[in-house]
Every structure is written in C-alpha cells, then in structure tokens.
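To keep things clear, I will list the structure first and then write my remarks on it.
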Amino acid sequence: MSREKFYVTTPIYYVNDVPHIGHSYTTIAADVLTRYHRLAGRDAFFLTGTDEHGIKVQQAAEGASKPPQVFCDGIVGQFKKAWQALNIKYDNFIRTTDVHHEEAVKKVLQDLHDGGFIHKGKYEALYCIGCEQFKTKSDLVDGKCPDHKMEPEVRSEECYLFKLSTFQERLLKSIKKDELKIRPLERKNEMVSFLEREELQDVSISRSKEKVSWGIPLPFDPSHTTYVWVDAFLNYLTGLGWPADRRNFEGFWPPDVQLMAKDILRVHATIWPSLLMALGVELPREYFIHGYFTVNGEKMSKSLGNVIDPIQLSRQYGADAIRYFILSEFPFGQDGDFSIKRLEECYNSDLANDLGNLLHRTIPMMEKYYGGKTPEPGELTTLETELREKASGVVRRLDRLMGQLKLRESLAEIWTVVNMANKYIDTAAPWALAREGKTERLATVMYTLLDCIRIITILTFPFMPETAEKIWSQLGIRESLSDQTISDATAWGRIQPGTVVTKEKPLFPRIE
Ligand code: MSP
C-alpha cells in the first residue's frame, strides 16, 4: 500500500526587506507540521520561497541602487540564513526568478489567453503598493490602506484582465462546501459572506513594462509584465517541479494545507482558486489562517524599531526556544503578542525547569546508581502502569490535535508527559529506594523514567529537533531518532538494558 502524502506550503515572502519574526512564524509552523507528518509515516513535501517581482521589490532595489536581480539575490541569502538558523528543513525553496518558474508562468498565461480567460481592457482602480493589491473604497480607513497606512494610488490604464467575475459562483460553492476548506471557521465565514456580498470584477493581470519593468513579460504582449500575484500563486505548482516533473507533481498535488495570515486570505480565496479552475487543476484541500502578531503590543515596523530579527534571536536563545515559544504562546489561528520578556519567562519555566530539569535529575542518578548503564526493569506497579496509560492517551490525542493544527495544544499535551515524569520522580523517590536498598524497585523506576524520556523525545522531535537529538544522544539509544515513528512513542520497553546514558551540558541554562 502506498503511503499517505502531505504537502504544505507557506506564502512566498516579498524580498523588499529582510525576514522578520512574522515570516518565521508561518515557516516554523510548516516545518513542525512536515516533521510531524513524517513521524506519523507520511511522505511529506514542504515548500517555501520568495516572491521577487513587482513594483515593491523594483522600488526597493532602486532605493538600494542595485540591479533588481542582484538585490533579490542578497535578500534571498538572508531568508535562507534565517531558515537555517531556525532549523527549517524545506524540501524546496522556490524563487519566482527561477528560470523554470518564469517559463511556466509564461506558458500558463498563454494557455489562459488561448482559452479565452484573458482579454484586453482598461482598468481604473485604487492600488496599494504595500499589499501589491487593488483596493475598493470600503477597504480603506481614512482613505488609507489599514495595513500599510498609505494612500493607494489611482491606476487608470490599458491592461489585460483575467475573467475573475465568471468564477464567483464556483468559488462560493467550493468554499461553502469545504471542497476548499478554510480554517478557522470564522475565516471561512468571512470569505463566504464576502463572496455573497461583493460582485467580483475581472482583475488586471498586467502592467505596462514602462511602469513595472521588474516582472515576467506576457508571452502574447511583451510590452506588458505579469501582475505579481498571478506570478506568485503559480509557485505552489512550480515549486513541485510542475509542469516538467510530473511524477513529483502527481505525487504531492493538491496541497493538504496552505498556511498564511489573514492579510492575504482574500486573494487566496479568489484569484488563486480561479486560476486553478481555469487551468483545470484540482484545488488545494485547505487553507489554515493563523493569527497575526504584534511585538510588545505594537505592529512591527521599521519606524518603531521593533522589527525582530530571527537570526539574532536564535543566536541569543537557540532555535528550539524560539520554535517552542512562538508556537506555545498563543493559539495558532488567533492573534497574539510577542515579547522578549514572555520569551524569557517561558524559557525558564517550560524549558529550563520542566524539560531541562527532568534530564538534569535523571541522568546524574543513573550515573550515581548504575554508572550510566540502563538497568533491567523488574515488576511494574500501578505507578508505572498509570504513567504508561496516560502517556499513551497523550499520543492518541496528539494525532487529532496536529490534524486540527492545534499546535499550542499539542505542545501542552506533550508537556503533560514531561510534568508527569517529573512528578513520578517525586513520588517514586529513587534516592529513598537506593538508601533502603530496594534494588529491584529502583531499577524499575529508573528504567521507566528513561523510557518515558525516550517517548517525550520522539514527541518533541518535530517541534524542537535540535534539543530532541541532544536528549537522544544522552540516552545513548543506537537507532537514529529520525527513524522513529509515532508508534514507537506508544510502545514501552524499547530501551535495551545495558544502554549507556551520558551526562552532557544542560539543555537550557537558566536566564537570570
Ligand atoms: N508575497 C506575498 C505572498 C504571496 S503567496 C503566493 C506576501 N508576502 S509577505 O512577505 O508580505 O508575507 C506575508 C505573510 O507573512 C503573512 O501571510 C504571514 O504568513 C507572514 N507574516 C508576516 N508578518 C506576520 C506577523 N506579524 N504575524 C504573523 N504572520 C506574519 O504577502
């Protein structure tokens, strides 16, 4: 039987500026999901990348006095560095300036043109360069784009239009019936009411080359360049190697979940699926719209000087602390706030105290009582059987929670096992057993503790891969951690007696 597949995407990020912690949020979540689905035995593909064309990037390159391609290459280097620092393992990093992507975009436009989906016309509308999107008057607050706090420009020009209007009914039906599922539910409802209320207009998909030179020329009229969103959406196809790599494409298409924040939901719920319908390609299964976060209560912005650099942050606290904190601080799907103060509190309590101390207590006792050699366990008591049952319950719930993208709740479940293990040490009191010479009982307790840590390590692996590897190496287990599956986390007694554990540096030295 062939294995189930899991294809996850992040938005491709604009390269007008360097990556920040907001981009990191989506990308960390995608990485965790990918690693989890692999652990659960699925073939996973994780796509991320950069959105490099359009007026916004063109202006940024001009501002930096660099040719656009050279400018993009520089920022792309920063994105890749950030993802490396955060231990993000994507399967492909797509750039919209990749030659095969550009060629595929041209082919799609020619096909849409030949199919009668594109016509020449005139467009008059408001356009926000910050969003690279058209705006209606009702989108504005005090005449300005609420996201970018700038007045949109009035555009009135000849262009090519995509027949978006003809897809309204089909879009509404697909979203309503969850053929294209939008989660959380309130985001779906928003899109349904938008599509019921507003009449979709045909959308301009080109600009004259004079105005926007940094774009893919239309194959049927090279005096125009392609609208950056049309170019960008197709990354989800070309990132799988489409159209040349049919095997990879057929293996993974459609996306099982496309992650994004609410800022770009509306375009994703209108233009993107309409393009797919026009091309006769199956729609994505789901969009998950996570929350948007502020930093210390304010929107991140250069002028406020509160833009958080993920590279510097991971240098200071380590990738795993950031991965843990960012996903545990607020529910995935709800807005929240990011602050260094909370990061440090969370680090000390959940990581240094709970997880760090579990190791810090267990390994030295192992060295003291057994010279590090894992003992053969004896008879189990209800203390052990209860611990086992509770931990197995967590693993079962985890699968459901991860399927619902409840990442914060998943971490909380794993942490209940960490806390149970800490409590087990207090209750079983190995030091007293050692003092009283209850050797068989001591062996059972220490073995159970190590086995429980083994399970915690497997479960935390998707979230905190570096830490999990470090714990695994302390446990001395021969098989590699990346070969473990979720079923290894429900089985007990998997550590070979005699396996030698070793003490290493503390995982999370306390921040004072
Ligand atoms: N290039 C487009 C997307 C094209 S996809 C075909 C774009 N790029 S972006 O650089 O502006 O990235 C927006 C995305 O970055 C958001 O949808 C979200 O995934 C992430 N975030 C950026 N700032 C964020 C926060 N402050 N909080 C949460 N997510 C954030 O739009």
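Restricting the search to the range 474-490, which residues are assigned to a helix (DSSP H, G or I) and open to solvent by 30 Å² or more (accessible area, probe 1.4 Å)?
Keep residues of the range 474-490 that are assigned to a helix (DSSP H, G or I), which gives 474-475, 481-483, 486-489.
Selection gives Ser482, Asp483, Ile486, Ser487.
Taking (1) over 25 Å from Ala60 (Cα atoms); (2) modelled with pLDDT of 95 or more; (3) not acidic (Asp, Glu) in turn, Tyr123 satisfies each apart from (2). In the range 284-307, the residues that are within 10 Å of Asp337 (Cα to Cα) reach residues that are modelled with pLDDT under 85 and away from the ligand (no atom under 11 Å from the Cβ) with C-beta atoms within less than 6 angstrom, at least six apart or across chains, in these pairs: Glu298/Leu304.
Looking for whichever is in a loop (DSSP other than H, G, I, E, B), more than 9 Å from the ligand (Cβ to nearest atom) and buried (at least 18 other Cβ atoms within 10 Å of the Cβ) here; the options are Pro254, Pro284, Pro273. Which one fits?
Values: Pro254 fails: buried (at least 18 other Cβ atoms within 10 Å of the Cβ); Pro273 fails: in a loop (DSSP other than H, G, I, E, B).
Of the residues listed, the single one that is in a loop (DSSP other than H, G, I, E, B), more than 9 Å from the ligand (Cβ to nearest atom) and buried (at least 18 other Cβ atoms within 10 Å of the Cβ) is Pro284.
Across the range 278-292, a minimum of one residue is classified as touching a Leu at 6+ places or on another chain (Cβ under 7 Å) and small (Gly, Ala, Ser). The residue that is nearest to the ligand (Cβ to nearest atom), among those in the range 16-54 that are of a type in the set (D, E, K, R) and out of contact with any strand residue (DSSP E or B) (no Cβ under 7 Å at 6 or more places or on another chain), is Asp17. Scanning the range 62-91 for residues that are within 17 Å of His23 (Cα to Cα) and among the polar types (S, T, N, Q) yields Gln78, Gln84, Asn87.
Only residues that are closer than 16 Å to Arg35 by Cβ and either among the charged types (D, E, K, R) or at pLDDT below 95 (or both): list them for the range 452-469, please. Can you show your working first?
If we filter the range 452-469 for residues that are closer than 16 Å to Arg35 by Cβ, which is where we start, we get 456-469.
Matches in the range 452-469: Glu466, Glu469.
All conditions in (1) under 26 Å from the mean Cα position of the chain (by Cα); (2) open to solvent by less than 30 Å² (accessible area, probe 1.4 Å); (3) over 21 Å from Met300 (Cα atoms) hold for Asp91, with the sole exception of (2). In the range 489-512, the residues that are of a type in the set (Phe, Trp, Tyr) reach residues that are open to solvent by less than 60 Å² (accessible area, probe 1.4 Å) and assigned to a loop (DSSP other than H, G, I, E, B) with C-beta atoms within less than 9 angstrom, at least six apart or across chains, in these pairs: Phe508/Gly318. Assess whether Glu132 counts as being open to solvent by 50 Å² or more (accessible area, probe 1.4 Å) and modelled with pLDDT of 85 or more. Criteria not met by Glu132. Scanning the range 362-389 for residues that are over 17 Å from Ile425 (Cβ atoms) and in contact (Cβ under 8 Å) with a residue 24 or more places away in the chain gives Gly372, Lys373, Glu376, Gly378, Glu379. Within the range 1-15, if we keep just the residues that are out of contact with any Gly (no Cβ under 9 Å at 6 or more places or on another chain) and of a type in the set (A, V, I, L, M), the residue that is nearest to the ligand (Cβ to nearest atom) turns out to be Val8.
The values are calculated or read from the model by the stated rules, or taken from the named source; none is laboratory data. Small disclaimer: the values here were computed from a predicted structure and weren't measured. In this analysis, Cβ positions are derived from the backbone assuming ideal geometry, glycine residues included, and neighbour counts consider all displayed protein chains. In case anyone asks, the SASA skips ligands and DNA or RNA and just uses the protein heavy atoms, side chains included. Shrake-Rupley method; radii C 1.70, N 1.55, O 1.52, S 1.80 Å.
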